[in-house]
Amino acid sequence: MADRRYSKTHEWVTVDGKTATVGISDFAQAQLGDVVFLDLPKPGRKLSHGETFGVIESVKAASDLYSPVNGTVAAVNENLTAHPELVNSDPYGEGWILKVDLSGGVPADLMDEAAYKQAAEAGH
Amino acid sequence: MPYLVHSPQEREEMLAAIGVESMDQLLVDIPSSLRIHDLKLPRGLSEFETMAAVRDLAAANRVFADRLTFRGGGVYKRFIPTAVAAVTGKPEFYTAYTPYQPEASQGTLQAIYEFQSLIAELTAMDVANASLYDGATAVAEAAMMARVHTGRDEILVAGYVHPEYVEVLRTFSEGRGMKVKKGDQPTNKTAAVVFQQPDFLGLLVDAKGLTERAHSVGALAIASVDPISLAILAPPGEYGADIAVGEGQQLGLAASYGGPHVGFIACTKDLVRRLPGRLIGSSHDAQGRRGFVLTLTAREQHIRREKATSNICTNHSLCALAAAVYMTYMGEAGMRQVAEVSFQRAHALAERLAALPGWEMAFPERQFLNEFPIIAPKAKPLLRKLAKKGILGGLEVGRWFRELKGVLTFTCTEVNDPAAIDALLEALSA
Amino acid sequence: MTEPLSFELSRAGAEPPRLPAAGVHAPRPADVLSKDVLRAHPADLPRLSEPEIMRHYSRMASLNYSISEQFYPLGSCTMKYNPVANEAAAALPGFAGLHPYQDEDTVQGALELMHSLERALCAVVGVDRVTLQPAAGAHGEWTALRMIQAYHRSRGDKRTEVLVPDSAHGTNPASAALSGFQVVEVRSGPDGRISLADLESKLSPRVAALMLTNPNTLGLFEREILDVAEMVHATGAMLYYDGANLNAFMGVCRPGDMGFDAVHMNLHKTFTTPHGGGGPGAGPVGVKAELAPFLPHPTIERSNGHFTLDFKRPQSIGRVRSFYGNFGMLVRAYTYILAMGGDGLTQASLDAVLSANYLRKQVEGVLDLPHEGPCMHEFVASAHNLAPQGVKALDVAKGLLERDFYAPTVYFPLVVPEAIMVEPTETESKATLDAFAGALKDIVQQARTDAAALHAEPRSLPVGRLDEVGTARQITAYLTGQSEDPVLRWKRPAK
């Protein structure tokens, strides 16, 4: 998908009007391994770009989640509570994490897919 | 030399295999200015001499007979079934490592899973962990759970909680962003109310009322409980406490001058992810065989590092095993019997002591189980007099609480037989 | 073979143990206490006879590997033989029967033992005082950091950061953070040792301490330790020693002489108290004189041949646990030290280093050895060379279990990919080391010829590889109300 943007901390964003959808990248889910738990915020929480909004855990690792955008949490993917494995099996679809009502535009430092791929591989 | 295996010839062979001529060549990275050539310690002894020296030290202590020990204060002499030491003395248990490789550690893992289940049943809480160091650090770890869970920083200690537990809580709270206060009126700044049931003096507190008061302001209730008492007293789960902690020494562990014993911690479902330390869960292998495994480890320090909310790694597994054997051996009926006998003997003793001239119950209106505070005339010389007769009398609690000068707490358990109680009274009257 | 849970073996008809009757005239709890104070629902504990209980635990014991039967090459854990004399010493009634609130004059032997142990540990690590109170290594680390914090504060010096190498054990950053410090990571250089350049760039007047283990977690002696100490002290910070690796150089050199100001020791590693399947341990902390005022109270003091507990220490950080520490473990460690003496402890460390280097030599060409030797008491290898076959450090570990060895520490330190950390200790014979190397060669051979078979190991243990992911997900399901099975405990099935 051409309009999917990525952060350095491996979150992705797509935007539809004023609403952003946020998840973690395929690269990130593969690094974490089988996801077993996500600790996520409640709708209504204000987020700023770069702020920690939750934790994602696999059996062997735990990682903070960072907001790639500014805005307010509109919805949390409730399916992940019972089925955290969706983050592994479908990171860009059923495994989405948050919907955020954007305040302002998408931060300029987010990368497109090609740039992210390069950065992720170099960083690893 | 004891416990070393290489012969001088094998050492030579090993050096040759490595391709060096001397040990010094293996130690080249150590700056020569740092090298020492002997330790300022005596030469080693034979086992015979070692044990003689150790026995001399043991003999320099005075051990009071269990049945003549009426002192508690957090550590109690109780009947320990022989089965306990027979199990913990099995080298397959005591010389095993932390069960990081589950396939080769099912004995330890299952035993501790049973410990978790037994503690959860006893406290009537949802889940218990694999153990902590002691009752004091268990209170401190529980307070930290409340601090993180509520986002509040004030820990309220209500009533006579064990003074050493409170001291440890204070030491812990520094750096963890907690403030420890005394009182029983929580506010919307309170993360948790900590109380002890029965309290340090042995008296029953209004556990239900304190729990409700904590909940009414959005704080958690942390109950520090005596595990034997739970055979007869309402357990924390029945009055709605959020975290139950305690000292498990009474579950089959020797007094051993204060340790090692075992702390336990159990909580409601909501708090499970905030539990410190190890947790063991039930699992299965590819063939469908049940096995047990360390789980939810992503909470722990080796993964979370500086973001972990507890640094505990080694816990008190072998002591938890002892407690599991004890609880399984005694069963619900055995623990109730022990608790009831202790209760009856303590009440019989209290009545006889209070009838002595100059003695009176310190809190006559309060109920107790098997430990109670009593005002005794000339406590110090009296205790010395008892010691001369081989009796370890009550504990002077004025040492910690100024308002309790002259108060002694006496305790009775199933090991203080009626003749021992007679002996105590006789010694006091002499 | 598996063993049912005690709860599953439970028989409703099993009689409770025979226990004494009260034998006094007094009310029973139900006669006196009001109903809302009493337990409403009896605890659902198992009901079993003693013969059944003993068999249950004996069968469980047989499911364990242990030092008594297997070689445990666990890096950083110092799994040496646990002398049986230690157990006999701790069980002496003159120790096991002591109540912690007995008067000092009735526990002179216990206090003397603790005092003598303190002096012996001071001699081994080169410090002035030791507290025996911490119950474990992590507990000791945190105790030491709290003392360092109190020291700086007493000088009106508010320092907020603690430096931790990237190769450090997870308890180091956790202990620092829980003392209220910010953790700043210091990188290892290409030779696995701390990078002086990176250290220099991280040192500032904000830094309270550098936490270091030496030899480091790669088993390498920090050659530039004296420079490190000088740099750290020049900024007013303190140097903390993580004693996980003390077994490398007893009688050879001392952390105190290297410039360490606070030193924690694991009696359950270096001083042979048993691991107990995960504790109890003991984590005493030694300090130089300037930190002594901040030791947890009580300390043990001697005057005119009489031993006392000193509670009057106004600058003390307070208590870190109840009573005086894991006394039973202190008895074991002291017994070991008496038996070994200065000469024995020194030879123990020399043999530990010899065995590690010997085993390392046997592993050459079998696994990757990312760092140059010689090593100290342990070394880190890597299963990276087996990546083409799809074989990981974990598979090597499981293959060793299949071959009747416990597995080395794997995936630690984090700075080495597919790390396999091996610490043989001085109490394993050359024959055992040879057999272990043989098993490793066999595994590597199998990785090249039949990796699939290796992935299916262990086959002959009580259980095979367990579904850890499934377990964690089921717990999530329980915690979120999707399932009734708590996973973390037995629960009587609903009717």
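Each value in this text was obtained by applying a stated rule to the coordinates, not by laboratory testing. Since we're looking at a predicted model, the values are computed, not measured. Here Cβ is always computed from backbone atoms with ideal geometry, including for glycine, and neighbour counts include all displayed protein chains.
Below are the figures for this structure:
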| read-out | value |
| --- | --- |
| Averaged over C:364-375, number of beta-carbon atoms from partner chains that fall within 10 Å | 1 |
| Lysine pairs within the range B:174-285, Cα separation less than 23 Å, 8 or more sequence positions apart or different chains | 6 |
| Zone residues, the range B:223-241, relative to B:Phe401, backbone N less than 17 Å from point 7 Å out along Cα-to-Cβ | B:224-226 |
| Selection from B:Ala120, C:Leu226, B:Phe368, by position along the positive dipole direction of the protein assembly as shown (Cβ) | B:Phe368 |
| Rounded, prolate or oblate (a/c below 1.5 giving rounded, otherwise prolate when a/b exceeds b/c) for the range C:126-169 by Cα gyration tensor | oblate |
| Listed residues A:His49, A:Gly95, A:Leu32: farthest to the positive end of the dipole of chain A (Cβ charges) | A:His49 |
| More than 26 angstrom apart: percent of Cα pairs within the range B:1-155 | 65 |
| Cα centroid separation, the range C:303-357 to the range C:166-229 (Å) | 26 |
| Computed label-point distance, nm, for sites A:Asp64 and B:Thr82 using a 7 Å Cα→Cβ extension | 5.8 |
| DSSP-defined beta bridges in the range C:342-487 - what % are antiparallel, rounded to 5 | 90 |
| Bins of 5 Å from zero: percent of alpha-carbon pairs in the range B:276-430 | 2, 8, 12, 13, 12, 9, 9, 9, 8, 7, 6, 4, 2, 1, 0 |
| Partners for B:Lys389 among lysines (Cα-Cα distance below 22 Å; same-chain residues under 8 apart left out) | B:Lys77, B:Lys378, B:Lys380 |
| Rg/Rg_ref, the range B:277-342, where Rg_ref = 2.2 N^0.38 Å and atoms are Cα | 1.60 |
| Where only C-alpha atoms are counted, convex hull volume of the range C:266-423 per residue in Å³ | 182 |
| Under-5 Å amide H pairs with B:Met361, H placed in peptide plane, nonlocal only | B:Ile375 |
| Computed Rg/Rh of the range B:217-282, alpha carbon atoms with Kirkwood Rh | 1.01 |
| 19 Å cut-off, amide nitrogen to a point 7 angstrom out along C:Ser201 Cα→Cβ, residues in the range C:219-254 | C:228, C:231-232 |
| Local electrostatic count at B:Arg352 - Lys and Arg +1, Asp and Glu -1, tallied over other residues with Cβ under 14 Å | -3 |
| ³J(HN,Hα) computed for each position of the range A:52-63 - Karplus, 6.51 cos²θ - 1.76 cosθ + 1.60, integer Hz, glycine/proline x | 6, 10, x, 10, 10, 10, 10, 5, 10, 8, 9, 9 |
| Size of electric dipole in the range C:1-102: Cβ of Lys, Arg +1 and of Asp, Glu -1, about Cα centre, debye, nearest 20 | 120 |
| The range B:226-305: relative contact order as a whole-number percent, Cα under 8 Å and 6+ apart | 20 |
| All lysines inside 25 Å of A:Lys117 as judged from Cα atoms, apart from same-chain residues fewer than 8 positions distant | A:Lys8, A:Lys60, A:Lys99 |
| Principal semi-axes in Å for the protein assembly as shown [√(5λ), Cα gyration tensor, largest first] | 44, 36, 29 |
| 5 angstrom amide H check on A:Phe37, placed H, neighbours 5+ away | A:Glu57 |
| Inter-site label distance for A:Lys42 and C:Lys35 at 7 Å from Cα along Cβ, in nm | 3.8 |
| Whole-number percent relative contact order across chain C, with pairs defined as alpha carbons under 8 Å at least 6 apart | 18 |
| For the range C:27-93, diffusion coefficient by Stokes-Einstein and Kirkwood Rh (Cα), 25 °C, 0.890 mPa s, µm²/s | 141 |
| Helix-derived mean residue ellipticity, 222 nm - over the protein assembly as shown, DSSP H n ≥ 4, -39500 (n - 2.57), to 500 | -10500 deg cm²/dmol |
| Average partner coverage of C:453-465, which counts Cβ from other chains inside 10 Å | 4 |
| Kyte-Doolittle mean at least -1.0, axial Cα span of 18 Å or more - DSSP H helices of chain B | B:106-123, B:135-150, B:317-354 |
| Rounded to 5, the percent of DSSP beta bridges in chain B classed as antiparallel | 55 |
| Mean separation of Cα contacts under 8 Å, 6 or more apart, over the residue count of the range B:69-196: relative contact order % | 21 |
| Size of electric dipole in the protein assembly as shown: Cβ of Lys, Arg +1 and of Asp, Glu -1, about Cα centre, debye, nearest 20 | 2920 |
| Value of Rg/Rh across chain C [Cα atoms, Kirkwood radius] | 1.01 |
| Calculated log₁₀ intensity ratio I(q)/I(0) where the Debye formula runs over C-alpha points of the range B:313-382, q = 0.17, 0.22, 0.25, 0.26 Å⁻¹ | -0.75, -0.91, -1.06, -1.11 |
| Label zone at C:Glu15, where the point sits 7 Å out along the Cα-to-Cβ direction: the range B:312-348 residues whose backbone N lies under 16 Å | B:330-331, B:333-334 |
| 25 Å Cα cut-off, lysine pairs counted over chain C (separation 8 or more, or different chains) | 21 |
| Centre separation in Å (Cα based) which lies between the range B:134-153 and the range C:85-149 | 27 |
| Vicinal HN-Hα couplings computed from phi for the range B:395-412 (Karplus, 6.51 cos²θ - 1.76 cosθ + 1.60; Hz; Gly/Pro x) | 9, 7, 7, x, 4, 10, 10, 4, 5, 10, 4, x, 9, 10, 9, 10, 10, 10 |
| Computed label-point distance, nm, for sites B:Ala430 and B:Phe48 using a 7 Å Cα→Cβ extension | 4.1 |
| All-pairs alpha carbon distance profile, the range C:193-276, 5 Å steps from 0, percent | 3, 15, 25, 24, 15, 9, 5, 2, 0 |
| Peptide A:67-73 - average C-beta neighbours from other chains (10 Å radius) | 0 |
| Rg/Rh (Cα only; Kirkwood hydrodynamic radius) as it applies to the range C:249-308 | 1.04 |
| For chain B, the Rg and Dmax computed from alpha carbons only, in angstrom | 25.1, 84 |
| DSSP-defined beta bridges in the protein assembly as shown - what % are antiparallel, rounded to 5 | 70 |
| Protection proxy ranking of A:90-96, C:309-315, C:252-258, C:84-90 - average other beta-carbon atoms within 10 Å, highest first | C:252-258, C:84-90, A:90-96, C:309-315 |
| Other-chain or far-sequence residues with amide H under 5 Å of C:Trp490's (modelled H) | B:Ser117 |
| Against the rule of thumb 2.2 N^0.38 Å, how large the Cα Rg of the range C:37-145 comes out | 1.57 |
| Share of alpha-carbon pairs per 10 Å distance bin for the range C:131-255, given as whole % | 13, 47, 35, 5 |
| Positive-end residue, the protein assembly as shown charge dipole about Cα centroid, Cβ charges, pick of B:Leu294, C:Thr335, C:Gly373 | C:Thr335 |
| Euclidean distance between Cα centres, the range C:379-453 to the range A:11-47, Å | 38 |
| Kirkwood-Stokes translational diffusion coefficient of chain A, alpha-carbon pairs, 37 °C, 0.692 mPa s, µm²/s | 230 |
